[in-house]
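Take a look at the structure set out below.
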Amino acid sequence: MVRTSSLQSLLFALPTEASGVEGAAPPLPVPVPEGSWGGLELWQWAGLGVLVAGAWLLGRGVEWLVMRLVDRATSMTKSGWDDQLAASARGPVRYLLFVVLVASGLWALKLPPVAKHGVELVARSVGLAAVGWFLLRFVKLAAGFVEQTVAREEQGGNVARARGLRTQLSVLRRVIEVAVVLICASLLLLQFEAVRNVGVSLLASAGIAGLFIGLAAQKSISTLLAGIQLSITQPIRIGDTVIVENEWGWVEEITLTYVVVKVWDLRRLVIPMGHFLEKPFQNWSKVSPEIMGTAELYVDFRTDVPSVRAELKRVLEQESNGLWDGKVQALQVTDLSERTMKLRALVSASDSGKAFELRCIVREKLMAFLRGQPHGLPMVRTEASLAESDSPLAAVRPGLGALAVRSGD
């Protein structure tokens, strides 16, 4: 069972006035299947399916051709930004072309207003999602490209500037990603009438709503602002050596709300962003990662200090395993007690990790050297003054009674 479509006159029928021949025979009817579903004729559903499939295949083909041309053009340039732009467009361009082709072919289907609005709504949503995807991919790839450039600069010796750039890049990337997601989500939701009505209602009560939202989000907003402030002022940077909450470690990650510190034993210390702006902490590599370290030894009063000083120089030059940077080496007598003398060995290294290992080596080698000396290690001394009428225990100086007892034993 067939019937004549209402679209026959648009596609095949010509008015007699245009033909110029009166009484011309009407064209043959075009058979169209009967029935409709969802407000659309079956031929419209079929046409919509063909349009979507054809737009998808054509979009992939055009994307392949365009990207081949773009890759060939970018290979002729020395800049790396065009490569990142081309890599970011691979994928989102396909969906943008798909949306453009579907929107261009809708007029031929003669869809009802409601169905046409629905198809256009889906097409706009896909287009917005594709644009957001492209922006996020470009930000990610561009950040990776800049990080590679910064890494080469850090290897060249400009460590402080490289760490500052990495910190700013990390925070800026997160700010842009959050902004892109919020804007795209807002544009997607504003396409729906219900969401727009809610927005108008909120604007009508913006004063009260803004007050409550501001009070509820005060802590979150202050944390976000603290993250932006930290990226600008840079009291810490990614890779800095810090002591915070009595823990020694390296700044591993900086986000908009918290900082991750990698502790020396591979634990992670997660600290809120406001802590670094409100409380004191130590940054050992704020200006330069170079640092000095000490190794303290308690020795006897008769220890030959010049020989220990010479041994320190020998250890640094021959047994430091490349940890000593050759800048600072000193041995000083820093304190005296009633029993011992304290020596402090001062050494320097290119960073805190090497300084810690170097201090351990110096402490071990100097202790081995002192064990081989006749008067290297501390000795406990006692003095006694014996009188004819006094017992030996009474003649011992105060504070040394126990030692006198042992001597008597």
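The values are calculated or read from the model by the stated rules, or taken from the named source; none is laboratory data. The structure presented is a predicted model; accordingly, all values stated were derived computationally and were not measured. Because the Cβ atoms are built from the backbone with ideal geometry, glycine has one as well, and the counts that use them run over all protein chains shown.
A few remarks follow.
- In the stretch 285-308, the residues that are surrounded by fewer than 16 Cβ atoms within 10 Å (Cβ to Cβ) and of a type in the set (Lys, Arg): Arg302
- Flag if Ala108 is touching a residue at least 24 places away in the same chain (Cβ under 8 Å) and crowded, with 17+ Cβ neighbours inside 10 Å: no
- For Gly157: the one exception among (1) part of a loop (DSSP other than H, G, I, E, B); (2) modelled with pLDDT of 70 or more; (3) more than 28 Å from Arg137 (Cα to Cα): (2)
- Selection count where residues are in contact (Cβ under 8 Å) with a residue 60 or more places away in the chain, of a type in the set (A, V, I, L, M, F, W, C) and farther than 30 Å from Pro374 by Cβ, scope the stretch 265-315: 4
- Scope the stretch 223-240; condition hydroxyl-bearing (Ser, Thr, Tyr) and within 11 Å of Thr257 (Cα to Cα); matching residues: Thr223
- Enumeration of residues in the stretch 50-97 that are crowded, with 18+ Cβ neighbours inside 10 Å and among the aromatic types (Phe, Trp, Tyr): Tyr95
- Considering only residues in the stretch 241-284 that are buried (at least 21 other Cβ atoms within 10 Å of the Cβ) and under 15 Å from the mean Cα position of the chain (by Cα), the one that is farthest from Val171 (Cα to Cα) turns out to be Val261.
- Of all residues in the stretch 309-362, exactly one satisfies the criterion of being of a type in the set (Lys, Arg), over 25 Å from Leu377 (Cβ atoms) and either modelled with pLDDT of 95 or more or surrounded by 15 or more Cβ atoms within 10 Å (Cβ to Cβ) (or both), namely Lys354.
- Extreme residue, modelled with the lowest pLDDT, among residues of the stretch 39-56 that are among the small types (Gly, Ala, Ser) and either in a helix (DSSP H, G or I) or within 48 Å of the chain's Cα centre (by Cα) (or both): Gly47
Results for (1) modelled with pLDDT of 75 or more; (2) of a type outside the set (Val, Ile, Thr), shown as yes or no for each residue.
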residue	(1), (2)
Val200	no, no
Ala209	no, yes
Gly214	no, yes
Leu230	yes, yes
Val242	yes, no
Glu245	yes, yes
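- Which listed residue is modelled with pLDDT under 75, over 22 Å from Ile238 (Cα atoms) and either among the aliphatic types (A, V, I, L, M) or out of contact with any Asp or Glu (no Cβ under 8 Å at 6 or more places or on another chain) (or both), from Leu109, Leu96, Leu135, Leu128: Leu109
- Some residue of the stretch 68-80 being at pLDDT 75 or above and within 26 Å of Val181 (Cα to Cα): no
- Counting only residues that are aliphatic (A, V, I, L, M), part of a helix (DSSP H, G or I) and without any contact (Cβ under 8 Å) to a residue 24 or more places away in the chain, the stretch 57-78 holds 5 of them.
- In the stretch 171-193, residue farthest from Thr257 (Cα to Cα) [restricted to those that are touching a Ser or Thr at 6+ places or on another chain (Cβ under 8 Å) and not in a loop (DSSP other than H, G, I, E, B)]: Leu188
- Pairs where the first residue, in the stretch 366-377, is part of a loop (DSSP other than H, G, I, E, B) and the second is small (Gly, Ala, Ser), C-beta under 9 Å, 6+ apart: Gln373/Ser307
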